[in-house]
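Student: My questions will all concern the structure given below.
The values are calculated or read from the model by the stated rules, or taken from the named source; none is laboratory data. All values derive from a computational prediction rather than experimental measurement. Note that we place each Cβ from the backbone using ideal geometry, even for glycine, and neighbour counts take in every protein chain shown. What goes into the accessible areas is simple: the full protein's heavy atoms, side chains included, and nothing from ligands, DNA or RNA. Shrake-Rupley method; radii C 1.70, N 1.55, O 1.52, S 1.80 Å.
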Protein chains: 2
Amino acid sequence: MNDTTKIPAYRTFEDFEQGAEIDLGSREVSAEEIVEFASEFDPQPMHLNEESGRASLLGGLAASGWHTNAIFMRMMCDAFLLSSSSQGSPGIETLKWKKPVMAGDILSGRSTVIAKRELKSRPELGMVTLRHELRNQHGEVVLQLQNPIMFRKRRDRDDA
Amino acid sequence: MNDTTKIPAYRTFEDFEQGAEIDLGSREVSAEEIVEFASEFDPQPMHLNEESGRASLLGGLAASGWHTNAIFMRMMCDAFLLSSSSQGSPGIETLKWKKPVMAGDILSGRSTVIAKRELKSRPELGMVTLRHELRNQHGEVVLQLQNPIMFRKRRDRDDA
């Protein structure tokens, strides 16, 4: 199921229906960007070169989990967040790095609406809880996380 | 409490005592790096320019939460992870972005050992669960997270 054909180009709180799935598209992860991210934020040897990666539990040059998270965020931005009334997120409820992301992997993603609620303290906003997952080209889940995101409601937008 | 004076320069599973606190040092977060990270991984307007930040719930140019996470990871690497037998982490148990990280903020961090256990399936490894927190220059907690990290035991190291 992919709901991209039946929702508006710009999403507000009202447009997230419980159970709806959103396609996050796909993208390749290069060795170069793995090393670049790791050099700045996670310079553990298994994220910096193939040989150290092979000697580690990861089995080869693998992306920092924090890099995988950041790639996921960009995929979510491009898929729907930048065309939405998102007001940010208070955090992550749970996150699992299920498999290493190796150099050359092609990741594809999906976000599923698992809950939504009004915010009593902020009547112009609502909270949507999403379960996200990224898979590699073998169909294996590499990242699974769940987090709540705040969205403005439509009635507060000038053009609504 | 800061245990950096009483632990070895290279930490294995055995060196993480329940309740021990580890100082992660401090670092400033510049507007330039906020925009650079956001441009690549989280190009929402409030992370790209001051004006959009002011118009958002964040109140000014603020770092992507995923950037704050990555900065935390680098601080943890520099403080102890790169001088340890770390074998990576299966994920994050919980993570809260408690306050926005604004351009110019100076973050300081601390990791606390809250649990440790042997791994029956991998007798050469142990799992250490840490609670981490970053505060800004006003003493406010900006990031709070908890995650388990796998470490090799000392008896498996050649130089032990």
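Student: Which one of these does B:PHE72 not meet: (1) at negative phi; (2) at pLDDT 95 or above; (3) open to solvent by 10 Å² or more (accessible area, probe 1.4 Å)?
Tutor: Looking at each condition in turn, B:PHE72 falls short on (3).
Student: The conditions are (1) touching a strand residue (DSSP E or B) at 6+ places or on another chain (Cβ under 7 Å); (2) buried (at least 17 other Cβ atoms within 10 Å of the Cβ); (3) among the hydrophobic types (A, V, I, L, M, F, W, C); (4) touching a residue at least 40 places away in the same chain (Cβ under 8 Å), and B:MET127 fails exactly one of them. Which is it?
Tutor: (4)
Student: Further question on the same structure: Working only within the stretch A:78-92, note down all residues that are in a loop (DSSP other than H, G, I, E, B) and within 7 Å of chain B (Cβ to nearest Cβ). Lay out the reasoning, then the answer.
Tutor: So in the stretch A:78-92, the residues in a loop (DSSP other than H, G, I, E, B) come out as A:80, A:85, A:87-90.
Those that are in a loop (DSSP other than H, G, I, E, B) and within 7 Å of chain B (Cβ to nearest Cβ): A:GLN87, A:GLY88, A:SER89, A:PRO90.
Student: Looking at B:GLU40, B:GLU50, B:GLU32, B:GLU36, which one is surrounded by fewer than 22 Cβ atoms within 10 Å (Cβ to Cβ), free of Cβ contacts under 8 Å to residues at least 12 places away in the same chain, over 20 Å from B:VAL141 (Cα atoms) and away from chain A (no Cβ under 11 Å)? Outline the logic, then answer.
Tutor: Values: B:GLU40 fails: away from chain A (no Cβ under 11 Å); B:GLU50 fails: free of Cβ contacts under 8 Å to residues at least 12 places away in the same chain; B:GLU36 fails: away from chain A (no Cβ under 11 Å).
Only one candidate passes the filter, namely B:GLU32.
Student: Another question about this same structure. Would you check if B:SER64 is open to solvent by 30 Å² or more (accessible area, probe 1.4 Å), under 21 Å from B:GLN137 (Cβ atoms), modelled with pLDDT of 95 or more and not aliphatic (A, V, I, L, M)? Walk me through how you get there before you give the answer.
Tutor: Numbers: open to solvent by 30 Å² or more (accessible area, probe 1.4 Å): no; under 21 Å from B:GLN137 (Cβ atoms): yes; modelled with pLDDT of 95 or more: yes; not aliphatic (A, V, I, L, M): yes.
So B:SER64 does not fit the description; no.
Student: Related question: Pairs please, first residue from the stretch A:11-29 and under 18 Å from A:ALA70 (Cα atoms) and touching a residue at least 24 places away in the same chain (Cβ under 8 Å), second anywhere and acidic (Asp, Glu) and in a loop (DSSP other than H, G, I, E, B), Cβ atoms under 9 Å, 6+ apart in sequence or on different chains.
Tutor: A:GLU28/A:ASP105; A:VAL29/A:ASP105
Student: Across the stretch A:75-116, what is the total count of residues that are small (Gly, Ala, Ser) and under 12 Å from the mean Cα position of the chain (by Cα)?
Tutor: Looking only at the stretch A:75-116, we keep the residues that are small (Gly, Ala, Ser), and these are A:79, A:83-86, A:88-89, A:91, A:103-104, A:108-109, A:111, A:115.
Going one step further and asking which of them are under 12 Å from the mean Cα position of the chain (by Cα), we end up with A:79, A:108-109, A:111.
Looking only at that region, the number is 4.
Student: In the stretch B:53-70, what residues are part of a helix (DSSP H, G or I), more than 7 Å from chain A (Cβ to nearest Cβ) and within 20 Å of A:GLY91 (Cα to Cα)? Steps first, please.
Tutor: The initial filter retains those residues of the stretch B:53-70 that are part of a helix (DSSP H, G or I), namely B:53-55, B:65-70.
Those left that are additionally more than 7 Å from chain A (Cβ to nearest Cβ): B:53-55, B:67-68.
Those that are part of a helix (DSSP H, G or I), more than 7 Å from chain A (Cβ to nearest Cβ) and within 20 Å of A:GLY91 (Cα to Cα): B:GLY53, B:HIS67, B:THR68.
Conditions tested, residue by residue: (1) more than 28 Å from A:VAL142 (Cβ to Cβ); (2) in contact with a Lys or Arg (Cβ under 9 Å, 6 or more places away or on another chain); (3) open to solvent by 40 Å² or more (accessible area, probe 1.4 Å).
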residue: B:LEU82; (1), (2), (3): no, no, yes
residue: B:VAL101; (1), (2), (3): no, no, no
residue: B:ASP105; (1), (2), (3): yes, no, no
residue: B:GLU140; (1), (2), (3): yes, yes, yes
residue: B:LEU145; (1), (2), (3): no, yes, no
residue: B:ILE149; (1), (2), (3): no, no, no
